[in-house]
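The values are calculated or read from the model by the stated rules, or taken from the named source; none is laboratory data. Everything numeric here is computed off the predicted structure, so don't read it as measured data. With ideal geometry, Cβ positions are generated from the backbone for all residues, glycine too; neighbour counts draw on all protein chains shown. These accessible areas exclude ligands, DNA and RNA; they are computed on the full protein's heavy atoms, side chains included. Shrake-Rupley method; radii C 1.70, N 1.55, O 1.52, S 1.80 Å.
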Amino acid sequence: MSEFDVAKQTLKKRREELAARVSSIDATLQAPLSADFEEQAGDLEGQEQLEGLESAALKEIAAIDAALHRIAAGTYGICIKCGEAIAPKRLEAVPTATTCVSCKT
């Protein structure tokens with residue numbers, strides 16, 4: 001068992017959750033608008049909110065994919081700015097972290 005197996009499992013589970021959310025949002029966005037013009041305005045506003053949620057989910061999926069790639073490459077947990085180890089507590093809190101606390105700011 002490697003050092004980051006738990007992180008890998010956590011990341012994969014979160015990615016699955018997000019992929020399901022994106023799929024659900026896509027299905028909702030594909031639904032036809034109401035025939036009533038007033039209801040269409042509400043529908044369009046709701047679609048804008050859903051698109052924002054979808055965009056955030058897709059960004060998180062990209063960050064997770066990058067973290068999984070770093071795990072596979074053996075560079076996970078190493079700060080991309082200073083090259084020092086990222087504290088395990090930080091990785092536990094933010095499994096997609098690419099920088100240590102010092103370099104975060």
Regarding Leu50, is this residue at pLDDT 95 or above and not in a loop (DSSP other than H, G, I, E, B)? no
Just name the residue that is least open to solvent (accessible area, probe 1.4 Å) out of those in segment 64-98 that are in contact with a Gly (Cβ under 7 Å, 6 or more places away or on another chain) and outside any loop (DSSP other than H, G, I, E, B). Leu91
Index of the failed condition, Glu45 passing every other in (1) modelled with pLDDT of 95 or more; (2) under 29 Å from Ile25 (Cα atoms); (3) open to solvent by 60 Å² or more (accessible area, probe 1.4 Å): (1)
